Amino acid sequence: MAERDHSPSPPPVTETAEATAAAAAAGAAADASGELGDDDVNAEAFDIHRRAINADLGDVSLEHDLTAEDANAPPAENVAEVERRRNQSHAEFEALFAFEAERKAAMAEEIAVQAASRQVLLDRLLFMALSTEQLIDDATAHMSVCKANAEQFDKLSRIPMARGELGTMRTAIGSLRSFYAAQSAQHAELADYIKTETIKRLKKLFDSTSKGCKAAKTKMVALNKEMDRARSGVDAAAKALDKMFKSNSRSVDPWLAEHRYKQALRWLQAVKKEYKAGMSETFSGITALDATRIETTQAILSEYITAQRVRLVHMQEACEAPKSVLADVRSAVDIHEFTAAAFPDGKAPRAADPVVDSRYLSFASTQVVKHGYLSVEHGALFSSWRPHLFILTTFGHLHQFESDKSAAEAATQ
């Protein structure tokens, strides 16, 4: 059913004249360019014709036979012009739908490219934060090692010296204890430097880097969300236009649906421009943030290495004292000092020995009745005679011994 304009109707002649003039101007422009003119001009022309056709026709369709009695009916040439414009619009709508299909295909590729670019930046942001966090963990582990070394060297420096160690060796061992104490102090100083300087500065860098990464990520998410909204707006306008076109409904002006689609496209183009500028700015910000992170990390690690080098130099210097003292160790001097301490009078103490000069060390005995050598045959096939020592005791025993030993040696067996 045609829309009725309830506003007061202008004089019929004036309305028709306006419609004719506007239609002629729009038609001339369309014929010259081969397409519809500016949206505002077309809107005005379409609106004039719609009101001219529907002003007093009520529910009468366009196929209604116009007679002379229809006082407010537009001229037949105006109706024909409107029909011509409508037929031309069908062709233009077909071209628009083809354009929309091409745009959607390109949009899918565009979405994939943008997503890949954002992922690259997000991976870089994640790496920046993880790299600094890893350095903090490394420094913390090194600090723990330095503390443990300091404790171990401190324990070594407190081990009591072995009793009885004298002379130059005692001095050398005492110097080694001092070296352990110096090592403990250097490790403790390095652990304190790592805690108060290296780790503290790395944590500060991590906080600033994380803050910058979070801001960049938030901005990229916002830009992408706005792009999705703009794309959804174009998709919704295209669907509404397609639905109107397929239903052939006159409840919605086709020009208005097309106009809303064009507005959505213009909005999408503006958002794309903002997205491109925003992503470019975000990339520049990430690059600057990463450069600052790298330069700051370089300075922190350089000072960290320098601090270790200084402590190592001090440790090497502490090694020189026990090294020189050990070189002066003299075994003869230490033994002499030990001997002098053990035997102040220069003589070793001697205990009484009752065996010395005892008569029991002699072979002579009152129990030996007789002793001497006798020859004894050896061997069965080839026999030989060898002298053997025989001893006869008062107890009636005769003892035989090898002849290569003396009687004293034989008696002791």
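The values are calculated or read from the model by the stated rules, or taken from the named source; none is laboratory data. Since this is a predicted model, take the numbers as computed values, not measurements. As a convention, Cβ positions derive from the backbone with ideal geometry for all residues, glycine included, and neighbour counts pool all protein chains shown. When the accessible area is computed, the model is the full protein with side chains, heavy atoms only, and any ligands, DNA or RNA have been set aside. Shrake-Rupley method; radii C 1.70, N 1.55, O 1.52, S 1.80 Å.
A few remarks follow.
- Residue list for region 293-324, restricted to those being free of Cβ contacts under 8 Å to residues at least 60 places away in the same chain, of a type in the set (Val, Ile, Thr) and closer than 20 Å to ALA139 by Cα: ILE294, ILE305, THR306, VAL310
- Checking the stated criteria, LEU126 turns out not to satisfy the condition of being surrounded by 15 or more Cβ atoms within 10 Å (Cβ to Cβ), closer than 30 Å to ALA216 by Cα and out of contact with any Phe, Trp or Tyr (no Cβ under 8 Å at 6 or more places or on another chain).
- Evaluation of ILE294 against the conditions (1) open to solvent by 60 Å² or more (accessible area, probe 1.4 Å); (2) more than 20 Å from the chain's Cα centre (by Cα); (3) not aromatic (Phe, Trp, Tyr) shows that the sole unmet condition is (2).
- The listed residue being at pLDDT 85 or above and either out of contact with any Lys or Arg (no Cβ under 8 Å at 6 or more places or on another chain) or more than 30 Å from ILE294 (Cβ to Cβ) (or both), out of LEU156, LEU166: LEU156
- Qualifying residue in region 144-165 (condition: in a helix (DSSP H, G or I), crowded, with 17+ Cβ neighbours inside 10 Å and in contact (Cβ under 8 Å) with a residue 60 or more places away in the chain): no
- Selection within region 97-116: residues that are touching a helix residue (DSSP H, G or I) at 6+ places or on another chain (Cβ under 9 Å) and open to solvent by 60 Å² or more (accessible area, probe 1.4 Å). The member of this set that is modelled with the lowest pLDDT is LYS104.
- Residue satisfying condition, being open to solvent by 80 Å² or more (accessible area, probe 1.4 Å) and either modelled with pLDDT under 75 or among the aromatic types (Phe, Trp, Tyr) (or both), within set LYS347, LYS273, LYS323: LYS347
- Checklist (1) closer than 18 Å to LEU312 by Cα; (2) without any contact (Cβ under 8 Å) to a residue 12 or more places away in the chain; (3) of a type in the set (S, T, N, Q) applied to SER178, failing item: (2)
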